[in-house]
Amino acid sequence: MNQTDQAVNQELIQNPNEEVVTLEQPIRMGDNMITQITIRKPGVKALSGTSLQAIYQYDVDALCKVLPRVTTPALTPQQIYQMDPVDFSQLGGHLVTFLYPKALQQEIKAQTN
């Protein structure tokens with residue numbers, strides 16, 4: 001199996017409830033520079049304390065409350081507030097997309113790829 005086949009296989013087995021976001025501006029975590037964040041589909045518990053309406057409207061405070069609960073490595077609210085706006089909007093966009101029905105998610109992904 002060559003590298004191209006492996007890349008295709010990795011893409012096919014990718015968890016549909018996770019997205020990897022490559023950061024425009026890396027985040028320092030201790031001695032490490034984080035260049036990619038994995039965001040996963042939030043469960044109801046991760047959404048608690050916010051309103052879906054606020055999340056759908058990309059409310060900064062609502063997103064900053066939920067994102068630490070659904071990112072790997074887990075970001076702190078302070079790190080999220082300090083991140084590059086482009087990276088924040090990418091993470092927020094993926095978070096909101098996860099809340100749509102699967103058919104609409106696939107349509108959005110097809111348009112953005």
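The values are calculated or read from the model by the stated rules, or taken from the named source; none is laboratory data. Just so we're clear, the structure is a prediction, and the values are computed from it rather than from any experiment. A quick note on method: Cβ atoms are made from the backbone with ideal geometry, for glycine too, and the neighbour counts reach across all protein chains shown. For accessibility, only protein heavy atoms count, side chains too; no ligands or nucleic acids. Shrake-Rupley method; radii C 1.70, N 1.55, O 1.52, S 1.80 Å.
Every residue in the range 38-58 that is hydroxyl-bearing (Ser, Thr, Tyr) and either surrounded by fewer than 12 Cβ atoms within 10 Å (Cβ to Cβ) or closer than 22 Å to residue 109 by Cβ (or both), please.
Result: 38, 48, 51, 56, 58.
Being among the aliphatic types (A, V, I, L, M) and touching a Phe, Trp or Tyr at 6+ places or on another chain (Cβ under 9 Å) is the filter here; which residues of the range 24-54 pass it?
39
State all residues of the range 75-99 that are open to solvent by less than 70 Å² (accessible area, probe 1.4 Å) and hydroxyl-bearing (Ser, Thr, Tyr); if no residue qualifies, say none.
Residues satisfying the conditions are 76, 89, 97.
Among the residues of the range 78-111, what is the count of those that are at pLDDT 90 or above and part of a helix (DSSP H, G or I)?
Residues in the range 78-111 being at pLDDT 90 or above and part of a helix (DSSP H, G or I): 19 in total.
Taking only the range 59-68 into account, find how many residues are surrounded by 12 or more Cβ atoms within 10 Å (Cβ to Cβ) and touching a Ser or Thr at 6+ places or on another chain (Cβ under 9 Å).
6
Checking the condition hydroxyl-bearing (Ser, Thr, Tyr), free of Cβ contacts under 8 Å to residues at least 12 places away in the same chain and open to solvent by 60 Å² or more (accessible area, probe 1.4 Å), which residue from 72, 112, 35 passes?
Step by step, each of 72, 112, 35 is checked, and only 112 is hydroxyl-bearing (Ser, Thr, Tyr), free of Cβ contacts under 8 Å to residues at least 12 places away in the same chain and open to solvent by 60 Å² or more (accessible area, probe 1.4 Å).
Only one of 19, 24 is modelled with pLDDT of 95 or more, in a strand (DSSP E or B) and surrounded by 11 or more Cβ atoms within 10 Å (Cβ to Cβ). Can you tell me which?
24
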